[in-house]
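The values are calculated or read from the model by the stated rules, or taken from the named source; none is laboratory data. For clarity, every value in this text was computed on a predicted model and none was experimentally measured. Here the Cβ is made from the backbone with ideal geometry for all residues, glycine too, and neighbour counts use every protein chain on show. Side chains are part of the model used for accessible areas, which takes the heavy atoms of the whole protein and leaves out ligands, DNA and RNA. Shrake-Rupley method; radii C 1.70, N 1.55, O 1.52, S 1.80 Å.
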Amino acid sequence: MNYDEFADLYDHQYDVYRDDLHHYARVGEQARGPVLEIGSGTGRVTTFLARRGVDITGLEPSARMIERAQDRAQREGLTVKYVQGDARTFRLDQRFDTVIAPFNALMHLYTPNEQLQAMQNIHAHLQPGGHFTFDLFVPRFGKPHTLRHEGETFHAPDGSRTDVFLVQRHDKPRQHITTEYHVDTTAPDGTLKRRHYTLTQRYYTRYEVEWLLRFAGFESPRVTGSFQGGPLDAHSEVMVFSTRAV
């Protein structure tokens, strides 16, 4: 997934998402050493943790997303280190006490080989006994092949209005969900401009992740169904995993 063209819309969509921030802040503040964020995007989580004094580095494959993240840090008077790289192949001299992968970052690993390669690479960048914490959404989807507007409307200072519509396709054999975004911006004079973006994610089941972690050299994880630590059940929207490198 190339997020360079998608970065501005992504920032609009998720800048106000706060559900996970205090969970990852707690994880970062409890770390006994430096923290690495996998898939740091436009710096929503990274900046929040840096503001709280966490020694954090952001890893992100998209140069445009890193630019947005650096602008965010600069606006807040913070200096945050960002590295452009892929979870499967990045190489850093530093070893970390804690690695986090918030907000479905691991859903851009599309095959078992890619997933295992990333997990083993993360393990190799952890100090002995280091912590790995991440979340994934529980795979439930809306009606496929149907154009939907899910309440995402953005108003700009110039009076223009942007509405985000989406259509989803579900590839069950590969556990892929592909979302086609249709982004309509209406100018004050009524002129309409439409942009298209495509996002494919590979979703997981709980026990698939547990076996993957064990195979990559991690302890059996603690799994919860909320960022507050509640049980994973039929009503959960997220799966939150916490484990340690063996």
Tell me yes or no: at least one residue of segment 107-119 is closer than 25 Å to Glu29 by Cα and open to solvent by 40 Å² or more (accessible area, probe 1.4 Å). no
Flag if Leu92 is among the hydrophobic types (A, V, I, L, M, F, W, C), open to solvent by 10 Å² or more (accessible area, probe 1.4 Å), within 22 Å of Asn113 (Cα to Cα) and at pLDDT 95 or above: yes
Given the conditions (1) open to solvent by 80 Å² or more (accessible area, probe 1.4 Å); (2) part of a strand (DSSP E or B); (3) more than 16 Å from Phe6 (Cα to Cα), every one holds for Arg194 apart from (3)
Check segment 146-155 and report whether any residue there is surrounded by 14 or more Cβ atoms within 10 Å (Cβ to Cβ), in contact (Cβ under 8 Å) with a residue 60 or more places away in the chain and over 23 Å from the mean Cα position of the chain (by Cα). no
Only one of (1) over 23 Å from the mean Cα position of the chain (by Cα); (2) small (Gly, Ala, Ser); (3) within 25 Å of Phe96 (Cβ to Cβ) does not apply to Ala187, and that is (3)
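Do we have any residue at all in segment 207-227 that's aliphatic (A, V, I, L, M), assigned to a strand (DSSP E or B) and open to solvent by less than 30 Å² (accessible area, probe 1.4 Å)?
First, the residues of segment 207-227 that are aliphatic (A, V, I, L, M): 209, 212-213, 216, 223.
Adding the requirement that they be assigned to a strand (DSSP E or B) leaves 223.
Still in the list and also open to solvent by less than 30 Å² (accessible area, probe 1.4 Å): 223.
Scanning segment 207-227, I find at least one residue that is aliphatic (A, V, I, L, M), assigned to a strand (DSSP E or B) and open to solvent by less than 30 Å² (accessible area, probe 1.4 Å), so the answer is yes.
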Given Ala73, Ala87, which one is closer than 21 Å to Phe241 by Cα, modelled with pLDDT of 95 or more and hydrophobic (A, V, I, L, M, F, W, C)? Ala87
Out of segment 56-81, which residues are over 17 Å from Glu5 (Cβ atoms), open to solvent by 80 Å² or more (accessible area, probe 1.4 Å) and within 19 Å of the chain's Cα centre (by Cα)? Gln70, Lys81
Given the conditions (1) open to solvent by 80 Å² or more (accessible area, probe 1.4 Å); (2) within 19 Å of the chain's Cα centre (by Cα); (3) closer than 27 Å to Pro34 by Cα, which single one is not true for Phe134? (1)
Cβ-Cβ distance below 6 Å, separation of 6 or more or different chains: which pairs start in segment 186-198 with a residue that is within 20 Å of Tyr10 (Cα to Cα) and end on one that is surrounded by 11 or more Cβ atoms within 10 Å (Cβ to Cβ)? Thr186/Arg161; Lys193/Thr185; Arg194/Asp184; Arg195/Val183; Tyr197/Phe6; Tyr197/Tyr181; Thr198/Glu180
In segment 73-104, which residues are of a type outside the set (S, T, N, Q), outside any loop (DSSP other than H, G, I, E, B) and in contact with a strand residue (DSSP E or B) (Cβ under 9 Å, 6 or more places away or on another chain)? Ala73, Lys81, Tyr82, Val83, Phe96, Asp97, Val99, Ile100, Ala101
Scan segment 229-246 and report the pairs whose first residue is farther than 18 Å from Phe103 by Cα and of a type outside the set (Lys, Arg) and whose second residue is open to solvent by less than 20 Å² (accessible area, probe 1.4 Å) and part of a loop (DSSP other than H, G, I, E, B), with Cβ atoms within less than 6 Å and a gap of 6+ or a chain change. Pro231/Gly225; Asp233/Gly225
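Sort through Arg18, Arg32 and tell me the only one that's open to solvent by 70 Å² or more (accessible area, probe 1.4 Å), farther than 30 Å from Gly151 by Cβ, charged (D, E, K, R) and assigned to a loop (DSSP other than H, G, I, E, B).
It is Arg32.
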Is it the case that Arg26 is surrounded by fewer than 18 Cβ atoms within 10 Å (Cβ to Cβ) and either at pLDDT below 95 or at negative phi (or both)? yes
Please verify whether segment 51-65 includes one or more residues that are over 17 Å from Ala105 (Cα atoms) and assigned to a helix (DSSP H, G or I). yes
